1. Ordered by packing density, taken as the mean number of other Cβ atoms within 10 Å over each peptide's residues, highest first, how do 84-91, 52-59 rank?
2. Using label points projected 7 Å from each Cα along Cα→Cβ, tell me how many nm separate ASN40 and LYS93, to one decimal.
3. Per residue of the range 245-254, in order, report the coupling 6.51 cos²θ - 1.76 cosθ + 1.60 (Karplus, θ = phi - 60°) as ³J(HN,Hα) in whole Hz, putting x for Gly and Pro.
4. Have a look at ASP42, ASP295, ASP276 and tell me which one the Gaussian network model of the chain (Cα, springs below 10 Å) gives the largest fluctuation.
5. Under 11 Å from a point placed 7 Å out from the Cα of ASP12 along the Cα-to-Cβ direction: which residues of the range 74-99 have their backbone N that close?
6. In nm, to one decimal, how far is the LYS288 label point from the ASP172 one, both placed 7 Å along Cα→Cβ?
7. Could you let me know the centre-to-centre spacing of the range 16-88 and the range 136-158, using Cα atoms, in angstrom?
8. Could you check which residue among PRO130, PRO34, PRO79 shows the biggest mean-square fluctuation in a GNM of the chain with a 10 Å Cα cutoff?
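The values are calculated or read from the model by the stated rules, or taken from the named source; none is laboratory data. Model, not experiment: these values are computed from the prediction. Every residue, glycine as well, gets a Cβ built from its backbone with ideal geometry; the counts of neighbours run over all protein chains shown. Just the protein is used for accessible areas: all its heavy atoms, side chains included, with ligands, DNA and RNA removed. Shrake-Rupley method; radii C 1.70, N 1.55, O 1.52, S 1.80 Å.
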Amino acid sequence: MATFSKLGISKDLIKGLNELNIVQPSEIQELAIPILMGQNTDFIGQAQTGTGKTAAFGLPLLEKINHKRPEVQGLIIAPTRELCQQIAKQLFKFTKYTEKIFIESVYGGADMQVQIQRLKRPTHIIVATPGRLMDLIKKKVVDISQARYVVLDEADEMLSMGFKQDIHTIFDFVPKEKTVWLFSATVPEGIREIINKFLRSDAQQIQLNRNAGINANIRHEYMSCSSKDKLQELTHFLSYNKDARGMIFCQTKQAARTLTKQLLAKNFDVDVIEGDMGQRDRDKVMRKFKGEKLDLLVATDIAARGIDVQGLSFVLHYQLPQQTEYYTHRSGRTGRAGEKGNSILFVSEREKRTMHELEKSLKIKINPLN
Ligand code: AMP
């Protein structure tokens, strides 16, 4: 059986991992860590969130950092502020027993001056959204000319958020001799382009079984209801599952806000996370939700991207996702780290076709909810 020690991870990091109950490497960790720990190999990992991919690239990256050198040696680029914060936090926890490795996260929507101030301290790893990183580079307050390890996390999502140009430009500022690790759930044309342009032709590639990624621990069920009955059905569902923790997904910010108000009016303790909210409010909601002071969270796809919350017993699709990939990401919030989860779709007659398309393309079976 693989252990972190056999994969080449050092004792001090393992001690930190064990404290987080990370004892047995997950599939992606078992596959990726030996490759990334080796001689500087470029790497393409096709895997979803919830598979443990942060540790899969984070641990080898931490092993590569020379803590005695004060410059930025590792750069992790991710699509959203929440994901950046989450990655930085995980890495920080992993290093509890190691020599000090300084990690900073920078992202849009937060005070740039504060970030600039923090970047004046020695920083070994920067975790950044592409847009904010470009702004900081232009202001000459961040120097990534020594960043020999570049990780692109959720690369497909960065492209669909319009960060393509920023990503291309960022590569002008990192050293010519570098190692690039790219993680993406899918490999559309834009990602191919990045791979061809910035990764060596001998880059190693691994693909985690797409279905194992999505439905190993997740039960998919649907409830038929007309659009106008959805609120009532949802109310029933939530009343019946009073102690369950879950997320409810809408397609648009407006729909998410409206639904939240409707649920609050019915006395459900619920909050919302959507893209128009300020950084402070988003953080506040996430702290409440992660700290289990809140059991129900209404969310839009982009705002919830990459959020890691353990122990959710369900994800509810109040409106179906606009892209197949969003279904994977939504349902990935439940059934994480070996736990069981339910992904429940509220579908009107009109939405059934989309649901069948999801079943087909993801090779999953969505059964009627009992
Ligand atoms: P990620 O896919 O990186 O977002 O990780 C999902 C969650 O699984 C995080 O909360 C990790 O702390 C946790 N995790 C990562 N690797 C393992 C592991 N090998 N065993 C148990 N939990 C893990």
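1. Details: 84-91: 22.0, 52-59: 25.6.
Ranking the peptides 84-91, 52-59 by packing returns 52-59, 84-91.
2. 3.2 nm
3. After applying 6.51 cos²θ - 1.76 cosθ + 1.60, I find 9, x, 10, 10, 9, 10, 7, 10, 4, 4 Hz.
4. ASP276
5. 95-99
6. For LYS288 paired with ASP172, the spin-label model returns 4.4 nm.
7. 15 Å
8. Highest fluctuation among the options: PRO34.
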